[in-house]
Amino acid sequence: IYIGSVANKLAHYEDLEEQGKLFMLPCAIGDTIYVIPSRAKYGLNVLHGYEKNNRIHEQVVCEIEIYEEGYLLVTCGGIQTVAGESYKKTWFLAKTEAEAALKELQTMEENR
């Protein structure tokens with residue numbers, strides 16, 4: 001009986017996915033994300049003397065807005081809105097991933 005229940009649930013999720021009603025998110029409200037500046041923002045921060053902003057910003061997700069094109073994460077800090085297409089580019093779920101990406105960004109800018 002249990003296997004049948006699991007199979008029915010899986011079939012239901014597959015139907016929802018086919019109908020465009022199932023949306024998988026990499027995080028949930030209340031999760032902590034780690035945000036780094038984009039390459040352009042990093043360069044502008046250096047140019048205008050705001051190097052201190054070229055760091056990891058730890059933010060808690062307070063709201064998720066879903067649109068036809070994807071989603072936006074609004075953090076409790078109120079200033080960071082993070083688009084889905086920036087996942088693993090300028091925002092990360094693990095601090096170690098953000099640290100590695102920021103180090104790569106710093107290296108790219110130093111070699112510019």
Problem set entry | Extension gain (nm, one decimal) between Ala7 and Val46, 0.36 nm per residue minus Cα-Cα | 8.5 nm
Exercise. Along the three principal axes, how long is region 15-55 when you take its alpha carbons, biggest first, rounded to the nearest angstrom?
Worked result: 52, 21, 8
Seminar exercise, completed: For region 45-112, listing GluC sites (Glu not before Pro) in a DSSP loop whose Cβ sees at most 15 other Cβ atoms within 10 Å gives Glu68, Glu69
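Rounded to the nearest 0.05, what FRET efficiency do Asp15 and Asn53 have when you use their Cβ-Cβ distance and R0 = 30 Å?
0.05
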For this session: Keeping all protein chains in position, work out how much accessible area His57 exposes to a 1.4 Å probe, and write it in Å² to the nearest 10.
Result: 30
For this session: Just need the relative contact order of the chain here, percent rounded to a whole number, with Cα pairs under 8 Å and 6+ apart.
Result: 24
Problem set entry | Portion, in percent, of the accessible area of the chain that falls on carbon or sulfur, probe 1.4 Å | 53
For this session: Could you tell me which chymotrypsin sites (Phe, Trp or Tyr not before Pro) in region 21-94 are loop residues by DSSP with no more than 13 other beta carbons within 10 angstrom of their beta carbon?
Result: Phe23, Tyr50
Exercise. If you check each cysteine of the chain for another cysteine whose beta-carbon is under 4.7 Å away, which ones come up empty?
Worked result: Cys27
For this session: For the chain, take the alpha-carbon Rg, divide it by the Kirkwood Rh, and send me Rg/Rh.
Result: 1.14
Seminar exercise, completed: For region 52-112, dividing by residue count, accessible area per residue (probe 1.4 Å) in Å² works out to 66
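The values are calculated or read from the model by the stated rules, or taken from the named source; none is laboratory data. Computed from a predicted model, the values in this text were never measured in an experiment. Here the Cβ is made from the backbone with ideal geometry for all residues, glycine too, and neighbour counts use every protein chain on show. Protein only, heavy atoms only, side chains kept; ligands, DNA and RNA dropped before computing areas. Shrake-Rupley method; radii C 1.70, N 1.55, O 1.52, S 1.80 Å.
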